[in-house]
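Just so it is clear, none of the values below were taken in a lab; they were calculated from the coordinates. All values reported here derive from a predicted model rather than from experimental measurement. In this analysis, Cβ positions are derived from the backbone assuming ideal geometry, glycine residues included, and neighbour counts consider all displayed protein chains.
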Amino acid sequence: MEYEGQICRAPMERSAFMLPIMVGCSYNRCRFCNLFRHLKYRELPFEKIEKELVRVKNAGGNPRRIFLGDGNAFAQESGRLIDILKMIKRYFPGCEEINMDATVTSILKRSDAELEEFYKLGVRHLYLGIESGLDDVLAFMEKDHDQGQAYEAIGRLHQANLIYDAHIMTGVAGKGRGMENACALAEFLNQTRPAHVVNFSMFLHKEVPLYQNILDGSFIPASEKENLEEERRLIELMTAALLYDGFHDFIEFRVRGRLPKDKEKMLARLEHVIKEMPETETYSYVQGECPDLERCGGGSVWQNN
Ligand code: SF4
C-alpha cells in the first residue's frame, strides 16, 4: 500500500506490521504537531485494507504484532474498527496483538462492553499522548483531554485489561516550567502505571500553530538543557515499574531503561550529558515542510544570540 504521511510510532512497535486504516489524524489539532497537518483526514476503504492483508499473506508474512495507523486509529467508529479487527483475525489468526495510537476522548466515548470486545479481538497496547501533567498546558496545546478525563479513561482501560502506554514531551510546558511539569507528570504516571513511557521531547517546527505563539511571545520554548533537567527530575520521581525510552533527536541523546531497576544508571547518563552541554543554549528546531500552512518568516527565535 502506498503510505501517505510521516511514520511516527513508539519504538516498541518497530518490528510490527504497520497497517494503515486511515490517512492522517482525525483530531489533528495539537498545537505542536506537524505529522498530518498537510493531509486531509480520511478512512481507507475496506477493500484497500484487505488488499494489503492479502499482499502480506501472499508474501509469506505471518505477523505476531500489527500496528494500526495512523494518528489516533482508535478513534474509528466502533463497528468499523471491529470489522477491521475481525478481518485481520481471518487473515492472520496467529496474530497475538493489535496495537494503535489513541486519544483520551476516543476511549471515553466507548462503553465498557466495547472495550472488552476490542480486547477479545486482539487489541492490547493503546499509546496515549499524555504529554504533560498540567491542565493549563494541555489546554494551551489543545490536547483533547484534561487530567481528570485521562485518569478516567485509563482506569477503564485497566478494567478491560487493555495496556496503556504514555507518550510524553519534556519541554511542553515551556521555559521555566520544566520542574513543575516533571513533578505533576511523575505523580500522574506513578498513579496510572503505563507499561511504557516514551518521551519524544519537544521539537519545534515553523509549520505548526505553536510557532505563532513563539513569535507573539505567548510560548517561550525551553532549551535542550532545560528539557534534559526536566527529564532527570521526572526519572528521579518515578516509582512505578515501567520501561522508559527518552529521545532528544536534536542533540542525539537517548536514555532508556527499566524503572526502577535502571534508575541510577539512567540518572548518571543524564547527569553526564547535562554537564557536557555547552554554555550557549540550544533549542530543538526541526525544519519541516508543510505546503498548506502559512510560511512563517525565518529568523532567530530559537537562537540565544
Ligand atoms: S492526536 Fe497525535 S497525531 Fe493527532 S494532532 Fe495530536 S499529537 Fe498529532
Let a ≥ b ≥ c be the square roots of the eigenvalues of the Cα gyration tensor of the range 169-290; is it rounded (a/c under 1.5), or, if not, prolate (a/b larger than b/c) or oblate?
prolate
Which one, L134, L237, L215, has the greatest fluctuation when you compute a Gaussian network model over the chain with C-alpha springs under 10 angstrom?
L215
Measure out, as a whole number of angstrom, how far apart the alpha-carbon centroids of the range 67-124 and the range 212-243 sit.
32 Å
Once you've got the Cα coordinates, tell me which of K225/K265; K143/K265; K48/K143; K40/K143; K175/K275; K40/K225 are over 26 Å apart.
K143/K265; K48/K143; K40/K225
Based on a Kirkwood Rh over C-alpha pairs, give the Stokes-Einstein translational diffusion coefficient of the chain at 4 °C and viscosity 1.567 mPa s in µm²/s.
64 µm²/s
For N199, other-chain or 5+-apart residues with amide H closer than 5 Å (H placed, Pro excluded) are I168, D245, G246, F247
Quote the relative contact order of the range 11-127 in percent (integer), defining contacts as alpha-carbon pairs under 8 Å separated by 6+ residues.
28 percent
To the nearest 10 degrees, the tilt of helix 147-159 (Cα long axis) against the first principal axis of the alpha carbons of the chain is 40 degrees
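Using Cα-Cα distances under 8 Å and only pairs 6 or more residues apart, what relative contact order does the chain have, in percent?
Numbers: 539 pairs, mean separation 44.7, N = 305.
The normalised contact order for the chain reaches 15 percent.
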Between A241 and Y3, what length in nm is gained on full extension when 0.36 nm per residue of separation is reduced by their alpha carbon distance?
82.1 nm
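Could you tell me the calculated FRET efficiency between A59 and K275, based on Cβ-Cβ distance and R0 = 51 angstrom, to the nearest 0.05? Write down the numbers at each step before the final one.
Numbers: r = 49 Å, r/R0 = 0.97.
Efficiency, from the Cβ-Cβ distance: 0.55.
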Where GluC sites (Glu not before Pro) fall in DSSP loop in the range 102-172, at most 16 other Cβ within 10 Å:
E142
